[in-house]
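Engineer: Take this structure, written in structure tokens, and hold onto it; I'll ask about it next.
The values are calculated or read from the model by the stated rules, or taken from the named source; none is laboratory data. For clarity, every value in this text was computed on a predicted model and none was experimentally measured. Don't worry about glycine lacking a Cβ; one is built from the backbone with ideal geometry, like all the others, and counts go over all protein chains shown. Accessible surface areas use protein heavy atoms only, side chains included; no ligands, DNA or RNA. Shrake-Rupley method; radii C 1.70, N 1.55, O 1.52, S 1.80 Å.
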Amino acid sequence: MRAFLGEFGARVGAAGRRVVDIALPPACMACARPVAVTGALCPGCWSGLRLIEQPFCRRLAIPFSYDIGPEALSAEAIADPPPFERLRAVAVYDAVSGRIVQALKYHDHTELARSIGAMMARAAGELAPETDLVVPVPLHRGRLWQRRFNQSAMIAAEIARRIGQPHVPDLVERIKATRRQVGLRATARLANVQGAFRVSAEARLKVAGRRVLLVDDVYTTGATVKAVTRALLRGGASGVDVVVFARVVEGLG
Ligand SMILES: [Zn+2]
């Protein structure tokens, strides 16, 4: 599956780029203003991102308005600790980061996946030395065909390359075709992904005793990454950290 997806993605990516280069002048992936190269964002869109920088909750990457020390936890992390150890996010989820995620999700934008992967590798910087495997949140097979590629796998491949650890896109299987989480309330999101993921018997050999960096595009309630984390821990992973591009922050967005 890994080799197949890699080849497939590269082929579609290269062909897609060639066609686009000939047919249209390059446009910003988020706002369609002209840019120098296909698959890029304009300076306005990059600078419009609200980056999540210190100080933030070391567990859930919720920004703090003032610095209360590097070990500080948010009330949410204390009240409802996630099964993963640490979340890192590049930016607050808002109109700008949302457009970037949409652009990546619904078109073939290999270049954009590279830029996003680079930013996420930076955001995950302090987790990198402890990471053994980089794993994307899997799509169900049906949806994979529909969208032609798994955007999380494209980003995860870039992160893995940058931090120098192996990318294992087929480690976790999605065994239940779930509804899209968008528009579902927190409890419905939880029910939607319950029992949706599994580490196969064969994959258990790869994950046993290893620390995983799990990759997804957006963190909303965390229902999906928590379900995948539980599957990884059941499969024998020694620990799981998560990196996303955008994180929903209450009151910001
Ligand atoms: Zn733009």
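Engineer: Quick one: check the C-alpha center-to-center distance for region 205-219 versus region 28-76, whole angstrom.
Structural biologist: About 22 Å separates the Cα centre of region 205-219 from the one of region 28-76.
Engineer: Let me ask you something else. Under 5 Å between amide H atoms, partner at least 5 residues away or on a different chain: which partners does TYR219 have, H built in plane at 1.01 Å?
Structural biologist: Hits under the 5 Å cutoff: ALA246, ARG247, VAL248.
Engineer: For a quick protection proxy, order the peptides 230-238, 207-215 by their average other-Cβ count within 10 Å, most packed first.
Structural biologist: The densest-packed peptide leads the list: 207-215, 230-238.
Engineer: Please list, in order along region 164-173, the HN-Hα scalar couplings obtained from phi with the Karplus expression 6.51 cos²θ - 1.76 cosθ + 1.60 (θ = phi - 60°), rounded to whole Hz, x for Gly and Pro.
Structural biologist: So the J values, rounded to whole Hz, are x, 10, x, 9, 10, x, 9, 5, 10, 9.
Engineer: Something else: Size of the dipole of region 51-247 about the Cα centre, Lys and Arg at +1 and Asp and Glu at -1 on the beta carbon, nothing else charged, in debye to 20?
Structural biologist: 860 debye
Engineer: Arranged from highest to lowest average of other beta-carbon atoms within 10 Å per residue, in what order do the peptides 129-135, 180-186 appear?
Structural biologist: So the order, starting with the most tightly packed, is 129-135, 180-186.
Engineer: Give, as ranges by residue number, the residues of region 236-253 whose backbone N falls under 18 Å from the point 7 Å along Cα→Cβ of ILE175.
Structural biologist: The answer is 236-237.
Engineer: Please work out the FRET efficiency for the pair SER47 and GLN102, using the Cβ-Cβ distance as r and a Förster radius of 25 Å; give the result to the nearest 0.05.
Structural biologist: The value I calculate is 0.85.
Engineer: Per residue, how large is the accessible surface of region 173-253? Use a 1.4 angstrom probe and give square angstrom.
Structural biologist: Heavy-atom SASA per residue in region 173-253 reads 47 Å².
Engineer: Read phi for every residue in region 246-251 and hand back ³J(HN,Hα) as whole Hz from Karplus 6.51 cos²θ - 1.76 cosθ + 1.60, θ = phi - 60°, with x for Gly and Pro.
Structural biologist: 10, 10, 5, 10, 4, x
Engineer: If you filter region 37-82 for GluC sites (Glu not before Pro), then keep DSSP loop positions with at most 12 other Cβ within 10 Å, what is left?
Structural biologist: GLU53, GLU71
Engineer: Considering amide H positions built from the backbone, and no H for Pro or chain starts, which residues 5 or more places from PHE56, or on another chain, come under 5 Å of its amide H?
Structural biologist: PHE64
Engineer: Under a 1.4 angstrom probe, counting protein chains only, how are ARG88, ARG189 ranked by accessible area, largest first?
Structural biologist: ARG189, ARG88
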